[in-house]
Structures are given as structure tokens and as C-alpha cells.
Amino acid sequence: MKSSAALITINEAVTLLRTGHVVAIPTETVYGLAADITLDEAVKMIFTLKQRPSNHPLIIHVASSTQLHDYVKSIPHYAELLMQAFWPGPLTFVLPKTERVSSLVTGGQDTVAVRMPAHPVTLELIKAVGHPLAAPSANKFGSISPTRAEHVVTEFDGEVKVVEGGACHVGIESTIIDATDPKHYVILREGQISRAQLQAVTGQHAELLDVPNVKRAVSGNLDKHYAPQKPLFIFNNRQELDTLIATYSNVCVLSFSDDIKKGEIQITMPRDSETYARVLYHNLRIADQSNCNIIALESPPYSADWVAIHDRLKKASYKI
Ligand code: TXA
Ligand code: MG
């Protein structure tokens, strides 16, 4: 079958990566579409496969501090503290790059985004390849990130080889901070590692990027990103859901309780934010594959735990 043919071992992946091929790899956040960052043709292939504009920079994944220092020019003290606290883990730093980083990876910018992922399979892969791996999320440009190997197989119709690493533990993309300033950092993308966690380590208030004022290419900040194929609407109460059902009839409902009319497709969402993040993209994919006309998702609470999830939902959804 197509799906099993697309799954490969770590050794097969090492051979493919070393010989300039692109391979999908598991991380704790989402699956990545990886290439050896020293091989320009392989890096170019990522953009072709993803149908991603070439000025949208990629994250590089390192497995050691030696690799980090080979590709990054300088690291502010606060960033070192954050690396000690959260690496390996879902925190990405934008830092000044060394000349070793090809401008293909950075979309022509003089900074590079870097993180050490907390997934044993991928750490082993990076060590065996001997170079960092450039990897955006392993989805077509603009669609939902994959959190299971089978999502990648479906997304690329079996054309991309995938290293099986199980369901991603975090389930949404890493927190990204701009750490190019020696004293202060800015959050470019929210993720599981929260503003409060960053502040607790650095003792410094973390500003969130003011999107309209920023010129650099942060693809996660485009409108309509992380989106399913079917229209996704967020509802706040039963009345809004009823309006959606009356308007679109066949609705797939993702809600905290299963107390809805019979005949609708319903998926129950977890009430704690970490478990919710872990299953969100998987459940959106299930909803997308159902025969509904639209997806209606019950708004999570607006407390601090849910900030990164609201960010993704906002980018994926239509306004009611
Ligand atoms: O969790 C993750 O971060 C996953 C896994 C695979 O590591 N990767 C991921 O990559 O989400 P991607 O390409 O889908 O998102 C990377 C984000 C984009 O918004 C990109 O614009 C931003 O990182 N980025 C990369 N390099 C940058 C740079 N030099 N300056 C500013 N933003 C940068
Ligand atoms: Mg992405």
C-alpha cells in the first residue's frame, strides 16, 4: 500500500538526506519536511514540494551546541538562559547567521531561525547526517501542519518518504522569538512555551510582535494560514451554532460537550489546553475529510493557556 511504502527507517532517511533528498521527520511539535542545510538543491526541493514562496525562511534543527555555534554568529545572554531552560524543546530563536547558512534557507535574510527539537528519532537523524536539517512544517503552503506520519502521506499523496515517530506530543508549531537584539526579545509566533514561561526565565517582559509593523517574512502571519480545506467557523454559544447549522445544514461540530443534535457529525475536544493542542490538527483533518459542508468549532476560553491555540484558530477560520 501507498502509506506503508512511504514509511522509512532512520537509516534509510540518513542515506536519502545525505544524498540530497527531502524526507519528512517527526518532531515534538509537528512533522517537518527536512533537507540537509548544506545541500542547496535539497533545500530548493522543500520549497517546490511545499509550493512555498522562496522568500519564506525555514527553521534549522540542530542536535548539539557545536552545530548551533557553527551556524549562528552570536547568542545574547537571555537566549542562552532560554536554551538551557527549554532545549531540546518547542522554542525557536531567530539569530544572526554565519556565512555557512545558505541564503536559500533564510529567504535572503541575514538571520536564521534555529531550534533543537525534543524528539529522539530526529535528534538521532541530525547527529547521523552530521549537519542541521532545515525543515518547515510538512504540509502544503497554507494548510494544516501534520501531527502524525499518515497526515504527511496523505498531504503529499505518498510522494514524500516519512520517518514514523508517532503522534506529535505538543501538536502545534514552536514558539518563535526574535533574539537578534542583545538585550530584548520579541515573540514572533506563540506556542506551547508561553510568554509567562519566557519571562520567568529571563526576568524580562516579552513583547508580542505587532504584525502590521513588521516587514520581515513570517509566513505564519499571513492571513489564512494553518487552514483546513473546508470553511472553519468558530462559535461562542449555542445560538451561533444554530445559525451555522441553519445556514449550511451539514455541519461537523468540534465542541467541548457532545450535547448537540443527532445527525450532525460531532467530535469532542479536550478541556485542557495541552491535550487540546495535541489533537487539534488531527481532529480538523478528520472534520475536513468528512462529508460536511463546513466545520464549526466551539471557542476555547480566553485565558492565558489558550493564547497559542487562539492564534492558530484565528488564522484558520472565517468570521461568523
Ligand atoms: O514547530 C515548528 O516550528 C515546526 C517544526 C517542524 O520545527 N516548524 C515550522 O516551520 O513550523 P514553518 O516553516 O512552518 O514555520 C517557520 C516560521 C515561519 O513563520 C517563518 O517565516 C519563520 O519561522 N522564520 C524562519 N526564519 C525566520 C527568520 N530568519 N526571521 C523571521 N522569521 C523566520
Ligand atoms: Mg508551517
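The values are calculated or read from the model by the stated rules, or taken from the named source; none is laboratory data. Since the structure is predicted, the reported quantities are computational estimates derived from the model, not experimental observations. Because the Cβ atoms are built from the backbone with ideal geometry, glycine has one as well, and the counts that use them run over all protein chains shown.
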Original post:
If you scan segment 171-191, which residues turn out to be in a loop (DSSP other than H, G, I, E, B) and of a type outside the set (Ser, Thr, Tyr)?
Top reply: Gly171, Ile172, Glu173, Ala179, Asp181, Pro182, Lys183, His184, Glu190, Gly191
Subject >> Which listed residue is more than 16 Å from ligand 2 (Cβ to nearest atom), farther than 12 Å from Thr27 by Cβ and surrounded by fewer than 24 Cβ atoms within 10 Å (Cβ to Cβ), from Ala118, Ala196, Ala179 >> reply: Ala196
Original post:
Under 7 Å by Cβ, and 6 or more places apart or on different chains, what pairs join a residue from segment 122-146 that is assigned to a loop (DSSP other than H, G, I, E, B) and at pLDDT 95 or above with one that is away from ligand 2 (no atom under 16 Å from the Cβ) and among the charged types (D, E, K, R)?
Top reply: His131/Asp36
Subject >> Total residues in segment 96-108, condition at pLDDT 95 or above and outside any helix (DSSP H, G or I) >> reply: 7
Original post:
In segment 44-59, how many are away from ligand 1 (no atom under 12 Å from the Cβ) and buried (at least 24 other Cβ atoms within 10 Å of the Cβ)?
Top reply: 0
Subject >> In segment 17-49, the residues that are outside any loop (DSSP other than H, G, I, E, B) and within 14 Å of Thr122 (Cα to Cα) >> reply: Leu17, Val23, Ala24, Ile25, Gly32, Leu33, Ala34, Ala35, Asp36
